[in-house]
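Below is one structure, written out as structure tokens, with a few remarks after it.
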Amino acid sequence: MRLRVTAVATAVTLAVLIALALLTSRMIGPLLVRSADDELAPVLSAAVQSVAAGETPVPGSPNIHVHVLDTAGDPVDGQPAPVLSYADVRVLKAGTPVLRLTDTPPTRWQGTVTTAPDGSQRLVIVGTGLPGYSAAHGSAIRWLLIAAIIVAAAGALATWFAVSSALRPVQRMRLAAARLGAGKRLPLPTSHDELRSLAGALNDLLARRDEAADRLRRFTGDAAHELRSPVASIRVQAEVAVRHPDPELSQEVLTEVVHESERLSALVDGLLTLARSDAGEVPPAEPVDLTAATHDAAARCSDDGPEVVVHTPTGLCWVWAAHNEVDLVLDNLLRNASRHARSLITVTVIPGPTVTRLVVDDDGSGIAAEHRQRVFDRFYRVQDDRARSSGGTGLGLALVAEVVRRRGGTVRVAESPEGGARFLVSWRTTSVS
């Protein structure tokens, strides 16, 4: 970064200085000419007055030449004719100065026409040489370019040290970040500037990293524990069946093995679904008829469980999701309600212009207020919950929250009018043309 900043700053500075040097060198010539014009103007005015009075003009300086010519350009003052072309004479008679660069040195002439006492027209001209005019251009551009290079080099050194000084706190911050342990944070600089903002942003990033790592550790530990339980149970039941080959006991063992296998399969499916969601694998969304999906889910419930009552609007009710996601939400909510309801589960679909709500009520013991925010965490179980003994994996409500959230919906839990728990799910309403 130091090299890039220094290179860019030096290149820009050098380009600007070279442009200024070229511009300044071109102004040297006009500056010398203007200085000569300022010196010739009063001499020309005095010479014109002398000729008009019939006197011989006298130059005020040995470097200035004064000539009196007729309108044809021939001298009438007895001096040698000046080195002027007929074109130069015509320009001088018009009152325009002439610069002769072919002379050595270049010469600047001014002139004007005046009337002598005898009525004749006379051209009065004054001129002076411009020594060093040509050399001034070359010397000026050469020294200005040398000065530009020197200034650019000095600017490059200053930029290098300035950038190095500015980046030194960043280097210290990088070294401090490399030595940070788990849970540690970068010290905030005392100055309220960009470095303090950077340190604060890095600390926020470290906090999110530690939180994600801690969540991953908890999730991995909980997943390993949950997977170990059904596997261990199946192994124990199988060992019992092998040691005691009793037909009645074998049937009981096989029933228990089937139960634990179903629990293991549900746990693995849940973990795979959460893993795909964490990896960003989301199936394409499409309009799903929530009314039909609700009736299908209620029909899938066990006949020996609580009664399931469904209240849906007349006609179709479309939400923006995927079919398997809606089925997953309904199955998990009804399965959770079945484990805790005493005798009744009520499912209600409430359509709306922008949001469609699904409400699942049960008449069980409900969920205490202090647990309602955490029941959607992975592997979280309310203390003394019956889910563990009834085959729950602790992933059902987490899956519900995840698939609803990634479609822009919401899910929350409250108290049901029947005294149990109420789960409210909101999806975006859509239409099918």
Item to check | Two-decimal log10 I(q)/I(0) for the stretch 1-144, as the Debye equation yields it once each C-alpha is a single scatterer, q = 0.12, 0.16, 0.21 Å⁻¹ | outcome: -0.57, -0.84, -1.21
Checklist outcome for this item: Per the 1/(1 + (r/R0)^6) rule, R0 = 60 Å and r from the Cβ atoms of Ala87 and Leu175, FRET efficiency to 0.05 is 0.15
Item to check | Per-peptide average of other Cβ atoms within 10 Å, ordering 186-194, 30-38 highest first | outcome: 30-38, 186-194
Item to check | Volume in Å³ per residue [convex hull over Cα atoms, computed for the stretch 93-222] | outcome: 255 Å³
Checklist entry - Roughly what % of DSSP beta bridges within the stretch 278-362 run antiparallel, to the nearest 5? => result 65 percent
Checklist entry - In whole Å, what is the distance between the alpha-carbon centres of the stretch 182-210 and the stretch 1-29? => result 40 Å
Checklist entry - Pairing the Cα long axis of helix 290-300 with the longest principal axis of the chain, what angle in degrees results, from 0 to 90 and rounded to the nearest 10? => result 30 degrees
Next on the checklist: Just to check I understand the Karplus step: with θ = phi - 60° and J = 6.51 cos²θ - 1.76 cosθ + 1.60, what whole-Hz values come out for the stretch 145-161, glycine and proline as x?
Outcome noted: 5, 4, 5, 5, 5, 4, 5, 5, 5, 5, x, 5, 5, 4, 5, 4, 5
Checklist entry - Given the C-alpha centroids of the stretch 149-165 and the stretch 333-353, what is the distance between them in whole angstrom? => result 73 Å
Checklist outcome for this item: Counting all Cα-Cα pairs in the stretch 1-72, those more than 14 Å apart amount in percent to 74 percent
Checklist outcome for this item: If unit charges are put on Cβ atoms (+1 for Lys and Arg, -1 for Asp and Glu) and the dipole of the chain is taken about its Cα centre, the option from Leu330, Ala21, Gly305 lying farthest towards the positive end turns out to be Ala21
Next on the checklist: Could you tell me the calculated FRET efficiency between Leu249 and Asp304, based on Cβ-Cβ distance and R0 = 25 angstrom, to the nearest 0.05?
Outcome noted: 0.50
Item to check | Among 40-48, 156-164, 204-212, the order from most to least packed when residues are scored by Cβ within 10 Å on average | outcome: 40-48, 156-164, 204-212
Next on the checklist: Regarding the stretch 280-364, what's the average projected area of the Cα-atom convex hull, expressed in nm²?
Outcome noted: 6.0 nm²
Item to check | In degrees, nearest ten, helix 2-52 long axis to first principal axis of the chain (Cα) | outcome: 20 degrees
Checklist entry - What is the ratio of the Cα radius of gyration of the stretch 30-77 to 2.2 N^0.38 Å, where N is its residue count, to two decimals? => result 1.25
Next on the checklist: Using 0.36 nm times the number of residues separating Asn63 and Gln373, minus their current alpha carbon distance, what extension gain do you get?
Outcome noted: 101.4 nm
Checklist entry - If you wrap a convex hull around the Cα atoms of the stretch 106-165, how much volume per residue is inside, in Å³? => result 95 Å³
Item to check | Surface share of carbon and sulfur [accessible, 1.4 angstrom probe, percent] for the stretch 52-115 | outcome: 53 percent
Checklist entry - Under a 1.4 Å probe, what is the accessible area of the chain per residue, stated in Å²? => result 58 Å²
Checklist entry - Where is the GNM fluctuation largest for the chain (alpha-carbon springs, 10 angstrom cutoff): Thr346, Thr71, Thr312? => result Thr71
Next on the checklist: Return the equivalent ellipsoid semi-axes of the stretch 1-40 as a descending list in whole Å, where each equals the square root of 5 times an eigenvalue of the C-alpha gyration tensor.
Outcome noted: 38, 6, 4
Checklist entry - Quick one: what does P(r) look like for the stretch 127-197 with 5 Å bins over all Cα pairs, in whole %? => result 3, 12, 12, 12, 9, 8, 7, 7, 6, 6, 5, 4, 4, 3, 2, 1, 0, 0
Item to check | Neighbourhood net charge (11 Å Cβ-Cβ; Lys/Arg +1, Asp/Glu -1) for Trp318 | outcome: -1
Checklist entry - Peptides 11-22, 169-180: what's the order by average Cβ count within 10 Å, highest mean first? => result 11-22, 169-180
Item to check | Rounded percent of accessible protein surface that carbon and sulfur make up, the stretch 145-220, 1.4 Å probe | outcome: 67 percent
Checklist entry - For the chain, what is the convex hull (Cα atoms) projected area averaged across all directions, in square nanometres? => result 45.7 nm²
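The values are calculated or read from the model by the stated rules, or taken from the named source; none is laboratory data. All values reported here derive from a predicted model rather than from experimental measurement. Using ideal geometry, Cβ is built from the backbone for each residue, glycine included, and neighbour counts are taken over all protein chains shown. Side chains are part of the model used for accessible areas, which takes the heavy atoms of the whole protein and leaves out ligands, DNA and RNA. Shrake-Rupley method; radii C 1.70, N 1.55, O 1.52, S 1.80 Å.
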